[in-house]
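**Student:** Next up is a structure, given as C-alpha cells.
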Amino acid sequence: MRDTLLNITGLTKAYGSVIANREVSFSVGVGEIHALLGENGAGKSTLVKTIYGLVKPDSGTMDMRGAPFAPTDPAAARKAGVGMVFQHFSLFDALTVAENIVLGMDNPPSPRAIAAEVRRVSDQYGLPLDPDQIVGDLSAGERQRVEIIRCLLQNPKLLIMDEPTSVLTPQEVEILFKTLRKLAAEGTSILYISHKLSEIAALCEAATILRMGQVVATCDPRTTAPREMAELMVGQVLQSPVRAARPEGAMALELTGLSAPASHRFGTALRDIRIAVRAGEVLGIGGVAGNGQDELVAVLSGETMSDNDAVLLDGKPVGRSPVNARRALGLLCAPEERLGHAAAPDMSLTENAAVTAITRKSLTRRGFVDWPQARAFASAVIAQFDVRTPGPQHTAASLSGGNLQKFVIGREIMQAPRVLVVNQPTWGVDAAAAAAIRQALLTLADEGAAVVVISQDLDELMEISDRFCALTEGRLSAPRAARGLTVDQIGMMLGGAHDMEVAHVAE
Amino acid sequence: MIVLEKREAPSRLWAWGSPVMAVLLTMVLGGLLFAALGQNSITVIRTIFLDPLFSEFAWFYRPQILIKGAPLVLIAIGLSFGFRAGVWNIGAEGQYIVGAICGAGVALALYPMDARWLIFPSMVLAGALGGWAWAMIPGLLRVRFGTNEILVSLMLVYVAEQLLAAMALGAMRNPEGMGFPGSRNLSQYPSAANLELISGSGMHWGVVAALITVIFAYVTLSRHVFGFHVRLAGQAPRAAKFAGVNPARMVLICMGLSGALAGAAGLFEVAGPAGQISIDFNVGYGFTAIIVAFLGRLHPIGIMAAGALMALTYIGGGIAQSSLGLPAAAINLLQGMLLFNLLAVDVFTTYRIRMLRKEVS
Amino acid sequence: MDLSSINPILFFASLMVAATPILLAAIGELVVERAGVLNLGVEGMMITGAVTGFIVAVATGSPWLGFAGAALGGALLSQVFGFLTQYLLSNQVATGLALTLFGLGLSALMGQGYIGIKAPSFPDIHVPILGDIPVIGPIVFQHDPMVYIGLLIALAVWFFLFRSRAGLVLRAVGENHDAAHALGYNVRRTRMLAIAFGGACAGLGGAYLSLVRVPQWTEGMTAGAGWIALAIVVFASWRPGRLVLGAYLFGGVTVLQLNLQAAGVAIPVEYLSMSPYLATIAVLVIMSAGRSPGSLGRIFHAAR
C-alpha cells in the first residue's frame, strides 16, 4: 500500500435545489493514476473544481499529506501542488504560448527564462512547443500540451486531467499516456477524469465511480470488467444499437471537390472534399474537432455557399441554394453547438421547433407563423423522442444537454429528411440519451435516408457507420468499410500523431 | 454574501414590473437630486409627472402629450426592431433631421402650388425616404465593410446637424424672411401643413401614423415570420442564420425601417408643430426614443406607454422650468437616470437574488 | 481664398493640441476594451469631466487641480457603468448609451452658473533647448503640459499592457474571461479598475477641452469627441501606438478644416464642419478593424 496524497471526506456541494456532490469520500495515493469515472452531470466537474479551489464545498473536508487542505482560490491550490488541465481549455487564443504559460504560474520567471523552461520540459516529456507561437493557431493536441506544460512547470504533486483524450487522435492518446505514466513513476499523482472505460483500464490503477453526485463504487479498473463499470456508472443495462442489413440505395448526397474558406480566424479551410452517400447508408466522418467539421456542416446546411455544382442532392446542384431551399429538398442538418446554434437558449421549445421546421412542416400561412401547429409539432417531438420537459412552453436552456440534443435531433428526424447531417450528436450527452440518439439515426437510415455522422467519438462511429472516413486539416480521406477497421488503421487515417516526437519520451 | 442565480426562464412578472419600479425609483432619486438643488422635491415631482394631466391648465397640456409622444413612439418602434435583432441604430436623430429636410424640400420646391392631395403625401414619402437613405449609409457600410453601425450612425447625426444649419442658412432660407435663418413656415402653407385633425386634441397625421405603426409592429412581432426572425437574430445570431435568416438583409431591413420611421417623424414635426426648417429644429427626440424603446421593453404596446410617459416629462419639465425655475437640463438628467434605473432593476428579470450566509469554519 | 495664409508650423503645432482630448479619451477606452468591456459612455464621461474640471479650476484657480477633479469625476461616473454592467450584468451597449445621456444632462445641470466665465490660464511650457530648434521646436516642444502628459499616458499604457504581468492579466481577462476565471483571476475587479481608468482618462480629455482648447464651458461642448475616441480605438486595432497616430490624424483633419474656414474657402462653413465626422467614418471604413478582444462586450457571470 502506498502513501496517501489527497484524502477527501464527506464532501457535499449543492446549487440551489440541485445537489452536485453528496458525501463524496475517496483518496489518491502518491504516484497513483486514479480514475474518476462518471457520466455527464454525475458531479465530476464540481468535485475537481473543489480540489482546484474554484468551488467552495458546503461541508466536508480534504487533507493533503495529512495536513488540512481547503484552497480558497486556484492560486492556493497551485501553491499546495495541485495542477489542472481543463476539458474546455483555459487558454487565450490571441496570446502566445509563453504568455499562456505565464498566466498559469504564480511566480513566473522572466520571459526569456520561460522559453528555456518550456523547451526543457517539452524535451523531457516529448511535447514539442514553440513558445512564441499564437495559441489560436495550434491544433487541439498542441493546445493540450500548452496546458500540460503549464502545470508541469510548477512541479505539481497532483495533476488533474479533465477528459483529456476527447480531442486527441489514437496515436496522440498513446503519447499522452506515456507522459502520464512517466510522471506517475516520478511520484506525481494523477486524477484522471473520463467516461471512456477502455482508456481507464489501460492507464489507471484505481477508480472511483460517481453517479448522481455520489460515490457508488471504488475498484481496480485493471481487474474489473468494463461492462460492470459501465453499469455502475450508468445505473442500468444499456442496449447496443441494432443495425439491420440494408440494400444499397440510390445516390443521395454527393460532394464533388468542394472547397471552402475557414469560418473564422482560427478556423480550418476545406480542401477538395469528395463524398458520395447513398440512401439507407450511414457515413461516419471522424476527426478531432477544429479540423473543418463546422465548416463542412455549414457548407452542407447552406449557411455557407459554395460552387453550385460542388454539392449535389439527388443529383441536383444545391451549392448556392439557401438554407430553407435545401430543407425543402430534404437536406437537413443538426449542428454541434446545441445552445445558440441548433437552438435559441431563451426561446421556448415551440419557437425552437419553428427554427428549422417552418418549411417542411408548413408552419406558416401567408407569412404568418401558425403557432398552434408549431406547438403541436414540438409536442410530437417531445413525445416521440422522450424529451424530459414539463412542456413545449419551456425554454431550450432549461433542458439538460441530453434532453435538448434529443429534441434537436428529433426535430430534424421527424421532418423525414432525404439526407441528415449531424455533427457530434452525442457530445456531452448522458449514456442513455446517447444510445437513444444512435438508435434513432440507425432507424432513420433503415427507413431509407442517407445519414452523415460527424463525430470525435470513434467508438460511436464504429458502432453505427457503414463506411468511415477521416477529416484532418480540412481534407477528407477516402472512405473505407467501417466493419473490421482497427484502431491503428483509423489512427493512420486521422493523420497520425501531428508531429509528436514519440522518440523523445525517455523511458 | 449576495449572489445572482440565473433563472431558468426570464421572469414575466419582472419583465413588466421593472419599468414601473424604475419610474418610481427615478422619482425618488430625482426628488433627492432636486432637494440637493434647493427645491421642494414633492412639488417638483408633482409638477413634472402630474401637473400636465391634472392641473388647472391640463386642457392645454394634454394634447401636447400626443404631439410630443408621436415622434417618440414612431422612432422608438423603428429602433425596437433593430435593438431586438442586435442592430444598433443610435443615429435616429440624424435620420429624423434628414427626413424633415427632404420632406420640407418637396414642399418648398412646389411652393406655392395648391394641390394638397399631391403635395402632402409626397412630403411624407420624401421624409421617410430621406430617413431611410440616411440610415442605409451605416447599414450598407456594416454589411459591405463590417463597419460598426453604432459609430457611423452617430457620426451622421453631427453631419445631419451641420446639414440642417446649412439648409436653414442657405438653400432653404425663406426668401421673404428678411434675412433671418429658417425656411418658410410650412404650417401656414395649406397644401403642406400637418394640421390638427380635431381642433384642440393634438391629433395630427403623425399621431395617426404612430398608432398605425404600433399595431403593425405588434402584429409583425407576435405573428409574422419576420418578427420571429428578428427576435431569433437578436437572441441567437447563429441559430437565426441556421433558420435561414440572411444577416446582411436583416441589418439592412432593420436599419431601413428605423430610418424611414424616424424620417417620417421628422417630416410630421417640421410640417406641423415645428413649422419650419430652422437651426435648432431637432430637440433630441432621436436620443430620447432610445430610452422609450428600452423602457417599453422593445414591445409595441410598452413603447406606446413609455412614449406617453416620456412626453409627460418633457411637458412637465417645461412647466417646472417656467414655474419653479428648474434648469432645462434637469429633465435630460432625469431621463438618463430613468434608463440607468431600468437597466439596474432589470437584473431581476433574468436573475434571482440569493443571500448566502458566510460559513464560519 | 488664400491658402498661403495657412502657416505650416502653426498648423502642425495646433494639430497636436487638437488631437490631445481625443488621444486622452481614446487611450482610456483602449484599456477598457482590452479588458473586454465596451463602454459607449465615453462622451458622457468626457463632458462630465469637462464641467467638473472647469468648476474645480475656477473655484481653486488651479488648472492642475481642475484636471485632477475631472479625472476623479470621470472615474466616479464610470463606476456607475461598472456597477451596472459588472455586478448587475446589464447590457453594455444600452448602459453605455445611458451613461452618455445621463452625463450630458448632469453636466448641463452642473454647469448652469459657469457659462461665459473664462478658465484660469494654463501656460504653455517652453522646453529648454529643444524648444529653440527651428521648425520642430515650435511644433513639438512649446505646448501646455497636458499634451505631453497625454503622450506619456499612451506610452505608459503600452508598457503596462505588453511589458507587465498585470497588463498580461488584463489582456487575458479581455480575451477569454471564463479561462481567466478558471485560472483564479478576479475578472470583475480587473474590469472595474480598467473602467475607472477609462473614466479618468475621458475626464482628462473633457477637461482639456474646457480648460485649454476652448477654454470655457458651454453645454454639449464635446460635440461627439467621445464617439470619435471610440472610433479611433477601433481604427487603432487596440494598439496604443496606432492610437496616437489615429488621434493625430484626426487632429490634422480638424485643424485643416478650421484653417480652411479662416482662409475663406468658398465652401459654406457647415460643410467644412462636417469633415471631422466624415473623416472618422472614412477611417472606420478603410481600416476595417483588426481582431477585437475575444470577450469584448460579453457579460461575465461565474455561474458554477
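The values are calculated or read from the model by the stated rules, or taken from the named source; none is laboratory data. Keep in mind that what you see is a predicted model, and the values were worked out from it rather than measured. We place every Cβ from the backbone using ideal geometry, glycine too, and count neighbours over all the protein chains shown.
**Student:** Criterion first (of a type in the set (S, T, N, Q), within 25 Å of A:GLY187 (Cβ to Cβ), assigned by TED's automatic domain parsing to the domain that holds A:LYS157 and part of a helix (DSSP H, G or I)) does A:THR50 satisfy it?
**Tutor:** Yes; evaluated as a whole, the condition is true for this residue.
**Student:** Mind counting the residues in the stretch A:307-348 that are more than 18 Å from A:PRO417 (Cβ to Cβ), out of contact with any Lys or Arg (no Cβ under 7 Å at 6 or more places or on another chain) and among the polar types (S, T, N, Q)?
**Tutor:** The total comes to 1.
**Student:** Name the residue, out of C:LEU89, C:LEU104, C:LEU109, that is surrounded by 16 or more Cβ atoms within 10 Å (Cβ to Cβ), hydrophobic (A, V, I, L, M, F, W, C) and outside any helix (DSSP H, G or I).
**Tutor:** Checking each option against the conditions leaves just C:LEU89.
**Student:** Taking the stretch B:318-335 on its own, how many of its residues are within 11 Å of chain C (Cβ to nearest Cβ), touching a residue at least 24 places away in the same chain (Cβ under 8 Å) and part of a helix (DSSP H, G or I)?
**Tutor:** Total satisfying the criteria: 6.
**Student:** Would you point out which residue out of A:ARG327, A:ARG338 is modelled with pLDDT of 95 or more and assigned by TED's automatic domain parsing to the domain that holds A:ALA396?
**Tutor:** Only one candidate passes the filter, namely A:ARG327.
**Student:** Only residues that are within 14 Å of chain B (Cβ to nearest Cβ), among the hydrophobic types (A, V, I, L, M, F, W, C) and in contact with a Leu (Cβ under 8 Å, 6 or more places away or on another chain): list them for the stretch C:86-140, please.
**Tutor:** Selection gives C:LEU88, C:LEU89, C:VAL93, C:ALA94, C:LEU97, C:ALA98, C:LEU99, C:LEU101, C:PHE102, C:LEU106, C:ALA108, C:LEU109.
**Student:** Among the residues of the stretch B:229-255, count how many are in contact with a Cys (Cβ under 9 Å, 6 or more places away or on another chain) and either more than 10 Å from chain A (Cβ to nearest Cβ) or free of Cβ contacts under 8 Å to residues at least 40 places away in the same chain (or both).
**Tutor:** The total comes to 2.
**Student:** Mind listing just one residue for me: the one in the stretch B:256-278 that is of a type in the set (A, V, I, L, M, F, W, C) and more than 15 Å from the chain's Cα centre (by Cα) and, of those, farthest from the other protein chains (Cβ to nearest Cβ)?
**Tutor:** Within the stretch B:256-278, the match that is farthest from the other protein chains (Cβ to nearest Cβ) is B:ALA271.
**Student:** Which fully enclosed helices (runs of 4 or more DSSP H) of the stretch C:1-82 have 2 or more residues being within 22 Å of C:HIS126 (Cα to Cα)?
**Tutor:** Hits in the stretch C:1-82: C:8-34, C:63-82.
**Student:** So for the stretch A:57-75 (the condition being within 30 Å of A:ALA140 (Cβ to Cβ), surrounded by fewer than 21 Cβ atoms within 10 Å (Cβ to Cβ), within 11 Å of chain C (Cβ to nearest Cβ) and without any contact (Cβ under 8 Å) to a residue 40 or more places away in the chain), does at least one residue qualify?
**Tutor:** Scanning the stretch A:57-75 turns up at least one residue that is within 30 Å of A:ALA140 (Cβ to Cβ), surrounded by fewer than 21 Cβ atoms within 10 Å (Cβ to Cβ), within 11 Å of chain C (Cβ to nearest Cβ) and without any contact (Cβ under 8 Å) to a residue 40 or more places away in the chain.
**Student:** I'd like to verify a number: residues in the stretch B:197-228 that are at the interface with another protein chain (Cβ under 8 Å from one of its Cβ atoms) and touching a Phe, Trp or Tyr at 6+ places or on another chain (Cβ under 8 Å), how many?
**Tutor:** So the answer is 3.
**Student:** Okay, next question. Which one of these is within 14 Å of chain A (Cβ to nearest Cβ), within 28 Å of B:PRO138 (Cβ to Cβ) and in contact with a Phe, Trp or Tyr (Cβ under 9 Å, 6 or more places away or on another chain): C:ARG188, C:ARG239, C:ARG171?
**Tutor:** Matching residue, one of C:ARG188, C:ARG239, C:ARG171: C:ARG239.
**Student:** From the list B:VAL44, B:VAL87, B:VAL73, which one is over 24 Å from the mean Cα position of the chain (by Cα), surrounded by 23 or more Cβ atoms within 10 Å (Cβ to Cβ) and away from chain A (no Cβ under 14 Å)?
**Tutor:** Answer to the selection: B:VAL44.
**Student:** Considering C:THR48, C:THR95, which residue is among the polar types (S, T, N, Q), modelled with pLDDT of 90 or more, crowded, with 21+ Cβ neighbours inside 10 Å and more than 15 Å from the chain's Cα centre (by Cα)?
**Tutor:** Only one candidate qualifies: C:THR95.
Every residue, every condition in (1) buried (at least 21 other Cβ atoms within 10 Å of the Cβ); (2) out of contact with any Leu (no Cβ under 6 Å at 6 or more places or on another chain), yes or no:
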site	(1), (2)
B:MET167	yes, yes
B:GLN188	no, yes
B:SER191	no, yes
B:ASN194	yes, yes
B:MET203	no, no
B:TYR218	no, yes
B:LEU221	no, yes
B:PHE228	yes, yes
B:VAL245	yes, yes
